[in-house]
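Q: Pasting in a structure now, in structure tokens, and then I'll have a few things to ask.
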Amino acid sequence: QVQLVESGGGLVQPGGSLRLSCVASTSIVRMYAMGWYRQAPGKQRELVARITSGGILNYDDSVKGRFTISRDNAKNTVNLQMNSLKPEDTAVYYCYADARAMDYWGKGTLVTVSS
């Protein structure tokens, strides 16, 4: 069983920045992909950013140019740098790991963008 623990959420003003981190309880080298989803109140969970073991990046169109995902295999960590935050970025952000045979999810961290 793989455990994922997110951190870095909080309250930030529009235009501000936050950095989310996700630490895995095991090596992430074997993970096919890792990434971040988010779920806003009353909406479905949606993919924000994803990085594969081969370094292929995918971003939702709404965050391109503002968010950057990175992966540190040595630290078993995936980070999401979020810049130029907007109120519509407000959501619970979930870390996930795709181990091919199974997906793993963290419990989420709340990001609130408000003045």
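The values are calculated or read from the model by the stated rules, or taken from the named source; none is laboratory data. Since we're looking at a predicted model, the values are computed, not measured. Neighbour counts run over all protein chains shown; Cβ positions are idealised from the backbone, glycine included.
Q: Looking for whichever is more than 13 Å from the chain's Cα centre (by Cα) and touching a residue at least 12 places away in the same chain (Cβ under 8 Å) here; the options are G15, G42, G8, G54. Which one fits?
A: Every option except G15 fails the conditions.
Q: Could I ask something else about it? Checking the structure you have, find out if any residue of region 23-33 is closer than 14 Å to Q81 by Cβ and outside any loop (DSSP other than H, G, I, E, B).
A: Taking every residue of region 23-33 in turn, none turns out to be closer than 14 Å to Q81 by Cβ and outside any loop (DSSP other than H, G, I, E, B).
Q: Going through region 34-86 one residue at a time, which ones are of a type outside the set (S, T, N, Q), at pLDDT below 95 and surrounded by 13 or more Cβ atoms within 10 Å (Cβ to Cβ)?
A: R71
Q: Still on this structure, please answer the following. For region 1-21, which positions are under 14 Å from P87 (Cβ atoms) and not in a strand (DSSP E or B)?
A: Within region 1-21, Q13, P14, G15, G16 qualify.
Q: Since N79 meets every condition but one in (1) in a loop (DSSP other than H, G, I, E, B); (2) within 11 Å of the chain's Cα centre (by Cα), which condition does it not meet?
A: That leaves (1) as the condition not met.
Q: Filter region 47-69 down to the residues that are touching a helix residue (DSSP H, G or I) at 6+ places or on another chain (Cβ under 9 Å) and polar (S, T, N, Q), then identify the one that is farthest from S27 (Cα to Cα).
A: The residue in question is S62.
Q: Testing S27 on (1) modelled with pLDDT of 95 or more; (2) in contact with a helix residue (DSSP H, G or I) (Cβ under 8 Å, 6 or more places away or on another chain), one condition comes back false. Which one is that?
A: (1)
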